[in-house]
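A short worksheet on the structure shown next.
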Amino acid sequence: MVVTVRSLGLQGISGYAVAVECALSGGLPAFDVVGLPDAAVKEARERVRSAVKSCGAKFPVSRITVNLAPAALRKEGTLYDLPILLGILAAQGDIEAPGESAAFLGELSLTGALRPVSGILPMAMAAVRLGIRELYVPAENAAEATLAQGLTVYPVPDVSGLLAHLRGERRLAPAPLWTPEAAGEPMPDFADVMGQENVKRAMEIAAAGGHNLLLIGPPGAGKSMLARRLPSILPDMTRQEALEATEIWSVAGLTDPAHPLLTRRPFRSPHHTLSAVAMAGGGSIPKPGEISLAHNGVLFLDELPEFHKDVLEVLRQPIEDGEITITRAAGTVRLPSRFMLVCAMNPCRCGWYGHPSGRCRCTEQQVERYVQRISGPVLDRIDLHVEVPPVEFASMRRRETPESSAEIKKRVDAARAIQSRRLEGTGAVCNAQMPPELIGRLCALDSAGESVLHSAFRRLGLTARSHDRVLRVARTIADLEGEEQISAAHIAEAVQYRNTELLHA
């Protein structure tokens with residue numbers, strides 16, 4: 001007898017249907033799993049055997065063949081333990097075969113208890129698209145699965161409880177729809193930062209338009225401190241953005257069972273020793289990297305020149321396209337990677353070049369070599385280059401409290417609302433995502449603005465890409481001031497953020 005139990009699988013960050021076919025036949029006892037299983041799937045044989053005996057059922061003494069269809073796609077992980085167990089019990093007549101409207105996921109312990117698995121949200125969303133009405137998952141995954149909406153999620157504590165439910169003896173209670181709490185832990189606030197008003201202005205512009213940002217300054221000037229406060233002034237995520245980010249974190253196994261939905265924009269700050277694969281994603285079976293984990297949030301690269309060259313070059317295409325395509329032997333996946341790139345660097349190897357103390361002993365050639373670790377194409381994709389000067393003593397000792405993140409966020413939200421109305425239907429949500437074909441229409445300049453931009457184009461040797469990025473930044477500055485027309489002053493300020501002498505010497 002052959003019994004089919006519905007389940008789900010993951011390809012990249014997308015779920016797909018998997019049919020777990022279980023057949024019992026005569027011959028010498030054996031237990032084979034086919035359908036391109038990885039080592040973890042093959043090991044399900046021992047977990048299933050022990051779990052069946054632990055729940056009081058009899059394990060069949062016959063030839064067992066389990067096929068995971070479609071057999072052309074590689075299966076990985078421990079999530080097929082539960083459907084394999086149910087297929088075997090149904091094939092020997094212990095329970096009725098589950099209907100087409102139900103799907104099952106979960107890892108088994110040897111005692112029959114269910115353990116959580118990764119990637120539940122994208123698989124639950126795939127279940128909704130496939131018309132599945134009931135989804136049985138480990139109890140710790142139930143809250144995350146309910147985020148998909150449109151299906152009944154049953155939290156399964158152990159095999160005995162599930163069998164009693166399927167036999168109609170003791171029903172499992174469906175998991176309630178998880179809703180985020182009203183407030184969480186407070187984020188770092190700009191009110192903690194003394195001085196650096198010009199840098200705060202640049203960060204406000206970056207947040208308002210979703211622009212990439214590079215902070216250049218000596219140690220202790222506050223570069224990292226400022227960058228870590230950027231999420232506190234970014235607009236709140238929409239539910240769609242939150243689901244997109246949570247799907248990626250779910251596949252990576254980073255979601256919190258108690259708070260499965262990301263309600264704040266991701267802030268990823270990888271160490272400079274990471275590899276290109278860790279940044280872009282990949283592996284023998286492609287997984288999300290740092291640029292995808294930062295989707296709809298911030299990717300912060302501290303000590304930018306210390307990153308390996310191949311790691312930085314990986315960023316070029318995702319910054320432009322908002323996604324990355326990874327091809328491996330196991331297949332090709334497309335991962336979303338639309339993020340704000342925020343970088344920080346010292347002006348030289350020792351960090352003190354240009355400092356009033358005069359403690360830097362680097363030669364001009366050493367400074368130039370240090371800066372040239374960052375390629376021109378990468379720098380060209382960063383909209384704002386901002387010098388962070390040393391903090392003056394008077395600024396540190398002043399008593400008045402600096403402007404808070406909440407006050408800055410109000411202006412950012414107002415500017416984003418303007419952009420949302422202007423860009424409706426274009427697929428872009430902020431000025432940094434404005435497609436080139438719209439720039440000429442939405443970033444029109446008067447004669448004075450044209451003159452300023454033309455002068456800067458010649459003087460700084462701007463590329464076509466940097467020309468468009470200057471216009472996008474100027475558009476954001478105008479939006480912050482509530483002005484429809486971009487003026488010469490807006491262009492001049494935008495150009496100022498690409499005029500760092502250290503980088504353009």
| message | With θ taken as phi - 60° and the coefficients 6.51, -1.76 and 1.60, list the Karplus ³J(HN,Hα) couplings across region 243-259 in order, rounded to whole Hz; mark glycine and proline as x. | response | 5, 4, 5, 5, 4, 5, 5, 5, 4, 7, x, 9, 6, 9, x, 7, 9
| If we sort 153-161, 290-298 on the protection proxy, mean other Cβ atoms within 10 Å, highest first, what's the order? | 290-298, 153-161
| task | Mind ranking 249-259, 136-146 by how tightly packed they are, going by the mean number of other C-beta atoms within 10 angstrom, highest first? | result | 136-146, 249-259
| task | For V388, list long-range residues whose amide hydrogen, built 1.01 Å from N in the peptide plane, is under 5 Å from its own amide hydrogen. | result | I216, G217
| query | Can you work out ³J(HN,Hα) from phi for every residue in region 24-33, in order, using Karplus 6.51 cos²θ - 1.76 cosθ + 1.60 and θ = phi - 60°, giving whole Hz and x for Gly and Pro? | reply | 10, 9, x, x, 5, x, 7, 9, 10, 10
| note | Karplus-derived 3J(HN,Hα) from phi for region 285-299 (6.51 cos²θ - 1.76 cosθ + 1.60, θ = phi - 60°), whole Hz, x at Gly and Pro, runs 10, x, 10, x, x, 4, 5, 7, 5, 8, 4, 6, x, 10, 10
| message | Taking the full set of protein chains and a 1.4 angstrom probe, give the accessible area of T327 in square angstrom, rounded to the nearest 10. | response | 90 Å²
| request: Report the relative contact order of region 416-475, percent, no decimals, based on alpha-carbon pairs under 8 angstrom and at least 6 residues apart. | output: 37 percent
| field | Carbon and sulfur %, accessible surface of the chain computed with the full protein complex present, 1.4 Å | value | 51 percent
| query | How many angstrom lie between the C-alpha centres of region 84-162 and region 19-42? | reply | 19 Å
| task | Two decimals is fine: what is log10 I(q)/I(0) at q = 0.10 Å⁻¹ for the chain, from a Debye sum with one equal scatterer on every Cα and no solvent? | result | -0.84
| Kirkwood-based Rg over Rh for region 272-417 (C-alpha set), two decimals? | 1.06
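The values are calculated or read from the model by the stated rules, or taken from the named source; none is laboratory data. Note that this is a predicted model, so its numbers are computed, not measured. Note that we place each Cβ from the backbone using ideal geometry, even for glycine, and neighbour counts take in every protein chain shown. Keep in mind that these areas ignore ligands, DNA and RNA; they rest on the heavy atoms of the full protein, side chains included. Shrake-Rupley method; radii C 1.70, N 1.55, O 1.52, S 1.80 Å.
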